[in-house]
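First comes the structure, then the notes that go with it.
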Amino acid sequence: MITDPVPGVLIGRSHISHVVVVVPAHNEQDLLDACLTALSRAERHVVEVASVTVSTIVVLDACTDDSARIAARHPSVSTVTVAHRNVGAARAAGFSNYSSELAATTWFATTDADTRVGEDWLVGHLRHATDGARAVAGTVSVEFEGRVEKDVRLRSTYDAHYRHELGHPHVHGANLGIRAADYLSVGGFAPLATGEDHDLVRRLELGGTTCRRVCDIPVATSGRLRGRAPDGMAGFLRSLEPSA
């Protein structure tokens, strides 16, 4: 493996030349702008330090609010419009236009519309990919706010359940990356209303692709208790609410 002219990015047999980021959105007008602003920063940073191109795609899934207008304010973002009302199908739609011909040098990453990635997020994904990782599952930090922020017991319970460490057991669609060839080899995201991220990683690992569980590229996601996926992060947070 040789060192890239830009410090901190390694290039070798696992060279990546293109990154595709998919964001599913169903009526996310309140949080989508912050999500895309953060992704724009991450995109600018990664193209400064590595010879890659980045495509960011928002999948507008049955949106009846201003999500489409908000996405249009971001010139580096393209959109796909579907009416699935299904997060797995929405994520799959975002990646569906990328053929196997480009898969060998393409990295797929996905996050959520209520999530803000760090400036180094794509650089971190790229670093793991070029270091040989074929799939990467990152951690999330929950931004408790409103009545959730006031509930100290809920925050404490969440912190006790969550492991921000290398080798953690968590899988989040808000922070997931996969080499395109491996993604395509297992058929991509299944049309599941919830748990599509766990299902994809399970199929990858059953097929012999190890998912690297990392803690160096965390993202910040909302602490809302009523999310879009029936049993996603919001459902997990509700399950931690004290009964009394």
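Values in this text are rule-based calculations from the coordinates and carry no lab data. Note that the coordinates shown come from a computational prediction; the quantities given were computed from them, not determined experimentally. Note that we place each Cβ from the backbone using ideal geometry, even for glycine, and neighbour counts take in every protein chain shown.
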Using modelled amide H (1.01 Å from N, peptide plane; none on Pro or chain starts), what sits under 5 Å from the amide H of Val19, excluding residues fewer than 5 places away?
Thr53, Val54, Ser55, Trp107
Which ³J(HN,Hα) values in Hz, rounded to whole numbers, follow from the phi angles of region 175-192 under the Karplus curve 6.51 cos²θ - 1.76 cosθ + 1.60, where θ = phi - 60° and Gly and Pro get x?
7, 9, x, 8, 4, 4, 4, 6, 4, 5, 5, 10, x, x, 5, 7, x, 9
Peptides 58-67, 197-206: what's the order by average Cβ count within 10 Å, highest mean first?
58-67, 197-206
Expected sort for 114-123, 179-188 on mean C-beta neighbours within 10 Å, highest first, is 114-123, 179-188
What does the charge count near Ala135 come to, summing +1 for each Lys or Arg and -1 for each Asp or Glu among other residues with Cβ under 15 Å from its Cβ?
+2
Of all DSSP beta bridges in region 82-220, antiparallel share, percent nearest 5:
65
Describe numerically, in nm with one decimal, the distance between label points set 7 Å from Cα along Cα→Cβ at Thr53 and at Ser141.
3.4
Note the full-extension length gain between Ser96 and Thr64 as 0.36 nm times their separation in residues minus their Cα-Cα distance, in nm to one decimal.
9.2 nm
Along region 193-205, Karplus-curve 3J(HN,Hα) (6.51, -1.76, 1.60; θ = phi - 60°) to the nearest Hz, with x for Gly and Pro, reads 6, 7, x, 5, 5, 4, 4, 5, 5, 4, 5, 4, 6
Extension gain from Ala190 to Ala160, taking 0.36 nm per residue of separation minus the Cα-Cα distance
7.7 nm
